[in-house]
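Below: the structure, in structure tokens.
The values are calculated or read from the model by the stated rules, or taken from the named source; none is laboratory data. All values derive from a computational prediction rather than experimental measurement. Glycine also receives a Cβ, built like all others from the backbone with ideal geometry; neighbour counts cover every protein chain displayed. Protein only, heavy atoms only, side chains kept; ligands, DNA and RNA dropped before computing areas. Shrake-Rupley method; radii C 1.70, N 1.55, O 1.52, S 1.80 Å.
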Amino acid sequence: MSAPHPDIPHVAEARNVDWYEASARHRLTTLLDHGSFIEFMGPTERVVSPHLDLFDLPKQFDDGMVVGRGQFDGKPVLAAAQEGRFMGGAFGEVHGAKLVGLLRAALDVKPDAVLVLFDTGGVRLQEANAGELAIAEIMRALLDARAVGVPVIGLIGGRAGCYGGGGLISGCCSGLVVSEQGRISVSGPEVIETNRGVEEFDSRDRALVWRTMGGKNRRLLGVADAYADDDVESFRAATLELLASPRAFDLDALKARQHMLESRLARFGDCSDAIDVWAKMGAEQPTGVPDLPADAFQALVARIAKEHGA
Amino acid sequence: MTLDAILASLFPGGHSVTTDDRGLIFGTASINGGRTANVIGVANRSPLGIDEAASLSRRVLELVESKADGPLIVLVDSDSQRMSKRDELLGLSQYLSHLAQCLQLADRGGQRTVGILYGHTAAGAFIATALATSVLVALPGAEPEVMDLPSMARVTKLPLDVLKEKAKSTPVFAPGLDNLAKTGAVHAVWDAKKPLAQQLAALLASVSGGDERDRLGRERGGRPKAAEVAAKVAEAAARASAGA
């Protein structure tokens with residue numbers, strides 16, 4: 001790594017950035033080694049959505065997706081970040097295609113890793129068909145990259161969470177980092193409520209949303225592989241940890257995953273709330289899990305993992 | 001076409017394909033040249049939740065492990081993903097994603113995965129089944145959609161009437177087979193009046209290589225920009241890498 005430029009604050013200080021509040025570009029530039037990020041098809045190229053005019057909606061010159069290359073801990077990586085503040089980070093045609101292109105490039109470029117900073121409500125409904133298909137293409141390209149040995153790490157902790165097809169893509173990663181603020185789910189709270197009624201899921205019950213879909217439950221269940229505080233430095237440390245032993249994409253790895261998913265059904269299939277799941281896991285005070293500070297929560301994760309070998 | 005009629009037309013040489021009480025399809029069939037095709041799927045517009053996804057992925061992994069080499073046919077007439085507190089609580093995203101990964105592993109291992117969309121499908125269930133196959137065909141009357149219009153109305157905060165009006169004139173957004181086919185999601189719509197076995201044999205004999213859906217989407221006018229954007233980003237990445 002090159003020494004930090006004298007004009008900028010110390011690197012550690014520069015990474016004292018609130019992940020949840022930061023923009024996509026700010027997350028990327030601070031996560032990667034200082035000054036190393038080079039963006040592809042950036043906003044100056046003005047590649048915008050061809051579909052939003054039909055809805056009289058404003059366009060953005062990057063369509064809410066930032067892609068490029070950089071160094072991470074001194075090694076070459078490709079990286080992408082979704083801008084949750086533009087249309088909820090949703091996948092449209094251009095937005096999705098930028099990530100498809102980046103992942104396809106990984107087959108030839110063979111970076112040390114691809115990092116994907118999710119922040120998405122799922123498919124952009126105004127261009128739903130293109131967005132849905134983009135998600136399928138991203139999953140295929142992502143798994144093709146993993147199959148040739150390029151690890152893909154997902155990072156989730158933004159305003160929009162990681163919903164819909166974004167949740168499915170995140171599940172394809174070699175490893176997933178989540179913060180407390182990161183929510184991972186397929187159907188969002190409002191969609192469940194619209195389809196099944198408020199008795200099934202009350203989307204206005206924020207505590208219910210967080211304990212069901214939020215980062216703590218996702219980490220405890222093993223949906224995510226690492227837990228980070230809500231700052232760039234913590235996400236960076238967790239990503240480095242996952243890159244030390246990324247999950248393979250092969251029969252053995254998928255058999256292990258199958259076993260994990262079936263065991264979860266057997267153990268927790270009759271639970272009706274996250275509190276019940278955490279109690280069964282052995283949390284001493286399951287109702288207190290949402291209030292646990294990060295270090296106490298990490299200790300709980302470690303203890304449960306040790307007891308169940310999961 | 002009913003599932004029974006489809007199976008009879010697809011597999012005139014006989015099959016053991018059945019549908020269980022959860023709407024999951026499992027079985028094997030004889031196809032051209034004495035080969036065996038394996039079959040999985042979702043029938044009766046059933047929702048795809050964590051239990052169903054785990055059963056389907058288990059079967060796909062068994063086939064990979066047994067080194068099955070015939071095609072793997074994925075028949076789809078599903079609801080969306082099951083929208084419930086329980087399924088989301090236990091990590092539905094991971095179960096659906098795992099199913100898609102198992103299908104891709106099977107394809108990489110030599111079992112060509114062929115999706116046949118013969119009914120409805122939507123949202124996450126669509127991505128984890130039909131769209132996770134290496135080639136997807138549809139039968140006339142198939143009804144894919146990304147999201148039902150009432151849910152779209154809730155999420156987009158647009159009135160349902162306005163959405164219904166726009167759905168009539170806007171292919172990139174509106175539900176339906178023709179619109180999905182224009183994006184390149186569907187390789188071909190089969191002719192229900194001709195034997196499906198012949199159409200399957202022709203499809204299996206055709207060259208398979210890479211993900212051509214964005215190219216199809218450009219040719220058919222449903223996705224004007226995707227192929228070009230992906231190619232340009234990939235070129236930029238290759239250039240930057242070469243220059244580094």
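Observations
- Span-like helix ranges in chain A, DSSP H, alpha carbon extent 20 angstrom or more, Kyte mean at least -1.0: A:93-109, A:128-147, A:251-268, A:294-308
- Accessible surface of region B:1-129 [probe 1.4 Å, protein heavy atoms]: carbon and sulfur percent: 46
- The figure for A:Val114 is an accessible area of roughly 0 square angstrom, using a 1.4 Å probe on the protein chains alone.
- Toward the positive end of the charge dipole of the protein assembly as shown, with +1 on the Cβ of Lys and Arg and -1 on the Cβ of Asp and Glu, the farthest Cα among B:Leu136, A:Leu292, A:Gln258 is that of B:Leu136.
- For the set B:His187, B:His98, solvent exposure ranked by accessible area (probe 1.4 Å, protein chains only) runs largest to smallest as B:His187, B:His98.
- Residues whose amide H falls under 5 Å from that of B:Thr121, counting only those 5 or more places apart or on a different chain, are B:Ser78, B:Glu143, B:Glu145, with hydrogens built in the peptide plane.
- Rolling a 1.4 angstrom probe over region A:227-270 with all protein chains present gives an accessible area of which 54% lies on carbon and sulfur atoms.
- Rounded to the nearest 20, the Cβ-based charge dipole of chain A about its Cα centre (Lys and Arg +1, Asp and Glu -1) stands at 640 debye.
- Element breakdown for region A:18-172 at a 1.4 angstrom probe: carbon and sulfur atoms account for 49% of the accessible area.
- Distance between the C-alpha centres of region B:46-110 and region B:155-179: 29 Å, rounded to the whole angstrom.
- Using C-alpha pairs below 8 Å separated by at least 6 residues, the relative contact order for region B:69-206 is 23 percent.
- Residue (of A:Ser49, A:Ala81, A:Leu103) at the positive-pole extreme of region A:1-146, dipole from beta-carbon charges: A:Leu103
- If the convex hull is drawn through the Cα atoms of chain B, its volume per residue in Å³: 165
- Under the criterion of Cα pairs below 8 Å and six or more residues apart, the relative contact order for region B:165-238 equals 32 percent.
- Within chain B, percent of DSSP bridges classed antiparallel, to nearest 5: 35
- Only helices enter the 222 nm calculation for the protein assembly as shown: every DSSP H run of n ≥ 4 contributes -39,500 (n - 2.57), and dividing by all residues gives -13000 deg cm²/dmol, rounded to 500.
- Reach of A:Lys59 by Cα under 30 Å, taken over lysines that are not fewer than 8 positions away in the same chain: A:Lys98, B:Lys157, B:Lys164, B:Lys166, B:Lys168, B:Lys182, B:Lys225, B:Lys232
- Relative contact order %, region B:1-102, counting alpha carbon pairs below 8 Å whose residues are six or more apart: 25
- Solvent-accessible area lost in complex, 40 Å² minimum, residues of region B:95-123 relative to chain alone, 1.4 Å: B:Tyr95, B:Ser97, B:His98, B:Gln101, B:Gln104, B:Leu105, B:Arg108
- Remark: region A:191-301 projects, on average over all directions, an area of 8.7 nm² (convex hull of Cα atoms).
- Taken about its Cα centre, the protein assembly as shown carries a charge dipole of roughly 1000 debye when the Cβ of each Lys and Arg holds +1 and the Cβ of each Asp and Glu holds -1.
- Taking 28 Å as the straight-line reach from the Cα of A:Lys255, the lysines in range (excluding those fewer than 8 positions away in the same chain) are A:Lys110, A:Lys216, A:Lys280, A:Lys306, B:Lys67, B:Lys85.
- Residue-averaged beta-carbon neighbours from other chains (10 angstrom radius) around A:80-93: 1
- For chain A, share of DSSP beta bridges that run antiparallel, in % to the nearest 5: 40
- Only protein heavy atoms count here, probed at 1.4 Å, and on that basis chains A and B bury about 7100 Å² of accessible area in total.
- Kirkwood hydrodynamic radius (C-alpha pairs) into Stokes-Einstein, the protein assembly as shown, 25 °C and 0.890 mPa s, D in µm²/s: 104
- Check: chain B dipole with +1 on Lys, Arg Cβ and -1 on Asp, Glu Cβ, in debye: 560
- When the other protein chains are added to the chain by itself, burial of at least 40 square angstrom of heavy-atom accessible area (probe 1.4 Å, ligands and nucleic acids ignored) affects these residues of region B:34-63: B:Arg58, B:Leu61.
- Solvent-accessible surface of the protein assembly as shown, averaged per residue with a 1.4 angstrom probe and all protein chains in place: 37 square angstrom.
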